[in-house]
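Just so it is clear, none of the values below were taken in a lab; they were calculated from the coordinates. In this text the structure is predicted, and so the values were computed from the model without any measurement. As a convention, Cβ positions derive from the backbone with ideal geometry for all residues, glycine included, and neighbour counts pool all protein chains shown.
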Amino acid sequence: MSGTNTKEIVGTYISEEKDFILKITECDYHTGIYKGTFYTKDSPLGEMTYDIQGQYTFSGSNRYPCMVGFSIGIRPSGYWDYVFSDYWTGSRDEKGQILMSGARAYMEDNGLRETYSFDSIIFNLQ
């Protein structure tokens, strides 16, 4: 069986182009849930960092690779003049590299709608 026997995925993962940062601050091996933040350099709302709660699942017997993913929906409190959503999924290897793809949607109450996709983004553990 390949990979390292581990339960931890906590760490800071930075994309090769430095456009995205996935920071996992805590994880619960029993539930497969992690918490942290996600930074995006360029979004319809500009540069932003938001809190995330994602999921991870090891293959085999608690060995890498493992699936890593999260989704988030953001809208301002009060008057909801926009909605922003991100969906990311991928896998982490035993060396600390995550390969992810993502989809993003943005809409405003004036009818503006935008979608974006991010294919095979490599994040490296720092």
Point to revise | Alpha carbon centroid spacing (whole Å) that separates segment 99-126 from segment 72-89 | key: 12 Å
**Study point:** Hz values of 3J(HN,Hα) by residue in segment 41-50 - Karplus curve (6.51, -1.76, 1.60), Gly and Pro given as x
**Key:** 6, 9, 9, x, 9, x, 5, 7, 10, 9
**Study point:** Size of electric dipole in segment 11-125: Cβ of Lys, Arg +1 and of Asp, Glu -1, about Cα centre, debye, nearest 20
**Key:** 340 debye
Practice item. Match the structure shown to one of the listed values [x] 49, 34, 19; [y] 142, 31, 19; [z] 53, 29, 21 of Cα extents along the principal axes in Å, computed from it, and give that label. Key: [z]
